[in-house]
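Each value in this text was obtained by applying a stated rule to the coordinates, not by laboratory testing. If you're wondering where the values come from, they're calculated on a predicted model, not measured in any experiment. Neighbour counts run over all protein chains shown; Cβ positions are idealised from the backbone, glycine included.
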C-alpha cells in the first residue's frame with residue numbers, strides 16, 4: 001500500500017494480513033484529505049486514527065503536514081506493524097502516539113484533544129454512535145475540529161450533537177464530516 005500525498009508520497013507501508021482489516025482505498029484517501037484541506041489548514045494540527053488497522057490514514061496525515069498523529073489499534077500484530085511502518089518511514093517518534101487496546105476504553109481514559117478524528121471501525125460493530133457519544137461527552141475534539149466517519153451507505157447513524165459539514169458516497173460507503181454542534 002502506498003501513501004498518496006505529501007512528503008512521503010509513493011512510499012510503501014506493509015499491510016496486515018487477514019480479512020479483519022479493510023484499508024481505505026487510495027482514491028478515497030485522496031478525497032478525504034482534499035475535502036479536509038478545504039475545511040482547515042493542517043499545520044500544527046493533531047490527528048487521531050481510531051481503529052487504525054494498517055495505519056495508512058495516520059501516515060497520510062503526517063505526510064500531508066499534520067504536526068502529530070495518534071494511532072489506536074487493538075490487534076497486537078497489527079499494532080506492532082504500525083510501529084514498524086512508522087520506523088521504516090523514518091517519522092520522528094515525537095510526532096506519533098501509539099495506543100494498544102480497545103478504542104472506546106482508551107477514549108474514556110484520555111485527556112487529549114484532537115483537531116481531526118478519523119473513525120472507521122468494523123462496519124457491523126455497532127460502534128459509531130458509541131464513539132460519537134464519548135467524543136462529545138469527553139470533549140475530545142478541539143474547537144473547530146472535524147470528525148470523519150467512514151461507514152456503510154445504508155447505516156443509520158444518529159448525529160445528535162453534531163453538524164454534518166459534508167457527506168460523500170463511494171459505491172457502498174459514505175464519508176461523513178462532522179463538527180460539534182455549538183454547545184452554548
Unit Cα scatterers, Debye sum, the chain: log10 I(q)/I(0) for q = 0.11, 0.15, 0.19 Å⁻¹: -0.42, -0.83, -1.46
Stokes-Einstein D for the range 39-146, Kirkwood Rh over Cα pairs, 25 °C, 0.890 mPa s (µm²/s): 175 µm²/s
Rough spin-label spacing in nm, given labels placed 7 Å along Cα→Cβ, for residue 77 and residue 174: 3.4 nm
Rounded to 10°, Cα long-axis angle of helix 128-138 versus longest principal axis of the chain: 80 degrees
FRET E, pair residue 11, residue 153, Förster distance 45 Å, beta-carbon r, rounded to 0.05: 0.90
Degrees, to the nearest 10: 26-39 long Cα axis against longest axis of the chain: 50 degrees
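Taking 0.36 nm per residue of separation and subtracting the Cα-Cα distance, what length does fully extending residue 160 through residue 38 add?
Gain in length upon complete extension: 41.5 nm.
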MRE, 222 nm, helices only [DSSP H, n ≥ 4, -39500 (n - 2.57), over the chain, to nearest 500]: -9000 deg cm²/dmol
Ranked 133, 60, criterion: other C-beta atoms within 10 Å, fewest first: 133, 60
Euclidean distance of C-alpha centroids, the range 136-184 and the range 62-105, integer Å: 23 Å
Relative contact order computed over the range 1-135 (Cα-Cα under 8 Å; 6+ residues apart), in percent: 25 percent
The chain: angle of helix 76-89 to the longest principal axis, Cα-based, in degrees nearest 10: 60 degrees
